[in-house]
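Accompanying notes for the structure given below.
The values are calculated or read from the model by the stated rules, or taken from the named source; none is laboratory data. None of the values given here were measured: they were computed from a predicted structure. Counting neighbours? That spans all protein chains shown, and the Cβs are built from the backbone with ideal geometry, glycine included.
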Ligand SMILES: [Ca+2]
Ligand SMILES: [Ca+2]
Ligand SMILES: [Ca+2]
């Protein structure tokens, strides 16, 4: 199959080895909606299914709660106002916390260090009114940090321990207050807060451990940028990204791709406001220049809604792959089914596309990876098929 026959649109950067195989592989995978080829044999296995629409809007990796050697999952269901702790092996619910007083309880999830000293990392839940922290052992509420009452997006990440209590602290990027805050994870007290001049895209904030900076995307008019903030709360000059469209629902720090000894970034974007398919770009951490661009295959849309690094999975022998969620299929009778695409920024190639299993809607809206296992949320957030939300496992 020639490249021009394919519906894969990407920016060629000179690497073409193996693309014939790759195009054939992707085409057969998506058209047959199966997930096997000679470079990627992952088949989605249902872990939890048949849940109300909105279940698994957010997922996070916890410590190993049931002692089987595999880290377990915290799964949010904002519609039901609860977070479930689920065994990553059996899919059994091992506990839950619920709160009916917040209409968006579980907008974001983050597993923290062991705040209450009972042995396992505790769980931060972002809602429309506050940031809540619960003990993963007792399920008790440890503290609340209020936020403006808003369903505006909020993003959270763990940073280093800034107040020297032995626990990594928390960065909160809040679209409602247009502020970046750092909280002490021990008690929820504010360490510092900086107002932002440009609108944050408050769906992803990450900690770049090599440059000791908090990184997130912002946009103003047509200009997209990456903002970087030091641990003292000082913002650097924004790094302008030369890709158009709204960016930053997903953001990752990756190994240095362009050889300048600075880590680079992966971010999702759109070529225009009408671009429903979306793309994922790698940008230089020094200049913001686009280094790679991957676009959705055929009807897949919302490509890059979730992106995770598969550092330990070595898919097809490549140990620096990314799993990219595209939770929708556009203009299709199965338009919410979606897919997970495995890409390699290092060799600038798509390794495989794993299509949603039958009955999974919104597959790829959230993804977490633990060694060679990838957990994919299918929250059915468009509400097309009630009672089908769930979480699936891919083992590479
Ligand atoms: Ca476990
Ligand atoms: Ca704990
Ligand atoms: Ca701390």
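Listed values, structure above:
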{"read-out": "Residues of region 53-77 satisfying the condition of being closer than 17 Å to residue 327 by Cα and either part of a loop (DSSP other than H, G, I, E, B) or over 19 Å from the mean Cα position of the chain (by Cα) (or both)", "value": "53, 54, 55, 56, 57, 58"}
{"read-out": "Residue 158 vs. criteria more than 22 Å from the chain's Cα centre (by Cα), within 16 Å of ligand 2 (Cβ to nearest atom) and closer than 28 Å to residue 373 by Cβ", "value": "no"}
{"read-out": "Residue 115 vs. criteria in contact (Cβ under 8 Å) with a residue 60 or more places away in the chain and either over 13 Å from residue 185 (Cα atoms) or within 13 Å of ligand 2 (Cβ to nearest atom) (or both)", "value": "yes"}
{"read-out": "Test for residue 91: is it at pLDDT 95 or above, within 16 Å of ligand 1 (Cβ to nearest atom) and part of a loop (DSSP other than H, G, I, E, B)", "value": "yes"}
{"read-out": "Pair list, Cβ under 6 Å, 6 or more apart: region 365-380 residue closer than 10 Å to residue 61 by Cβ, other residue outside any strand (DSSP E or B)", "value": "369/310; 370/71"}
{"read-out": "Count - residues of region 267-278 that are more than 13 Å from residue 242 (Cα to Cα) and buried (at least 24 other Cβ atoms within 10 Å of the Cβ)", "value": "1"}
{"read-out": "Filtered residues of region 125-143 (kept if assigned to a strand (DSSP E or B) and crowded, with 16+ Cβ neighbours inside 10 Å)", "value": "125, 126, 130, 131, 132, 133, 134, 142, 143"}
{"read-out": "Residue 122 being modelled with pLDDT of 95 or more, surrounded by 20 or more Cβ atoms within 10 Å (Cβ to Cβ), within 29 Å of residue 394 (Cβ to Cβ) and in contact with a strand residue (DSSP E or B) (Cβ under 9 Å, 6 or more places away or on another chain)", "value": "yes"}
{"read-out": "Every residue from region 243-263 that is surrounded by 22 or more Cβ atoms within 10 Å (Cβ to Cβ) and in a strand (DSSP E or B)", "value": "251"}
{"read-out": "Test: residue in region 33-48 that is modelled with pLDDT of 95 or more, under 30 Å from residue 152 (Cβ atoms) and out of contact with any helix residue (DSSP H, G or I) (no Cβ under 8 Å at 6 or more places or on another chain)", "value": "yes"}
{"read-out": "Hey, residue 49 away from ligand 2 (no atom under 16 Å from the Cβ), closer than 14 Å to residue 105 by Cβ and touching a residue at least 12 places away in the same chain (Cβ under 8 Å) or not", "value": "no"}
{"read-out": "Residue within region 286-308 that is within 14 Å of the chain's Cα centre (by Cα), within 29 Å of residue 394 (Cα to Cα) and modelled with pLDDT under 90 present", "value": "yes"}
{"read-out": "Given (1) surrounded by fewer than 22 Cβ atoms within 10 Å (Cβ to Cβ); (2) farther than 22 Å from residue 240 by Cα; (3) away from ligand 1 (no atom under 16 Å from the Cβ), index of the condition residue 110 fails", "value": "(1)"}
{"read-out": "Given (1) more than 16 Å from ligand 2 (Cβ to nearest atom); (2) crowded, with 16+ Cβ neighbours inside 10 Å; (3) not in a strand (DSSP E or B), index of the condition residue 84 fails", "value": "(3)"}
